[in-house]
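The values are calculated or read from the model by the stated rules, or taken from the named source; none is laboratory data. Nothing here was measured: the structure is a model prediction, and the numbers come from that model. Cβ placement follows ideal geometry from the backbone for every residue including glycine, while neighbour counts extend to all protein chains displayed. Calculation scope for accessible area: heavy atoms of the full protein, side chains included, ligands and nucleic acids excluded. Shrake-Rupley method; radii C 1.70, N 1.55, O 1.52, S 1.80 Å.
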Amino acid sequence: LQLDCYVDADFAGLWNYESDQDPVCVKSRTGCVMTLGGCPIQWHSKLQTEIALSTCEAEFIALSQCARSLIPMQMLMNELTKHFRVPLLSSPL
């Protein structure tokens, strides 16, 4: 089994969607999906809490948010595979 995590960010995805004075309009959106053996086991898509000033910054924020979900999942999978003796290939963050 292999645990993978795919991350993406949409920089200022709500820009000009609503009022340009609304601070929510300039927030980026984070998307993340975790797969185990090619099957999705967890996903989320939500607005970032910070306002990113560039696409690169939005991607780093997205990576940070998803790593907070990935690391506990990876620790859980390592614990389960140790007890059930199932080989798990860990992918790097």
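Might you check whether a residue that is modelled with pLDDT under 95 and in contact with a helix residue (DSSP H, G or I) (Cβ under 8 Å, 6 or more places away or on another chain) occurs anywhere in segment 53-69? No, because not a single residue in segment 53-69 is modelled with pLDDT under 95 and in contact with a helix residue (DSSP H, G or I) (Cβ under 8 Å, 6 or more places away or on another chain). Figure legend. Inter-residue proximity from segment 36-51: first residues without any contact (Cβ under 8 Å) to a residue 40 or more places away in the chain and part of a loop (DSSP other than H, G, I, E, B), second residues of a type in the set (Asp, Glu) and surrounded by 11 or more Cβ atoms within 10 Å (Cβ to Cβ), beta-carbon distance below 9 Å, spacing 6+ or different chains. Indicated pairs: Gly38/Asp4; Glu50/Glu57. Residues that are open to solvent by 50 Å² or more (accessible area, probe 1.4 Å) and among the aliphatic types (A, V, I, L, M) within segment 31-54 comprise Ile41, Leu47, Ile51, Leu53, listed in sequence order.
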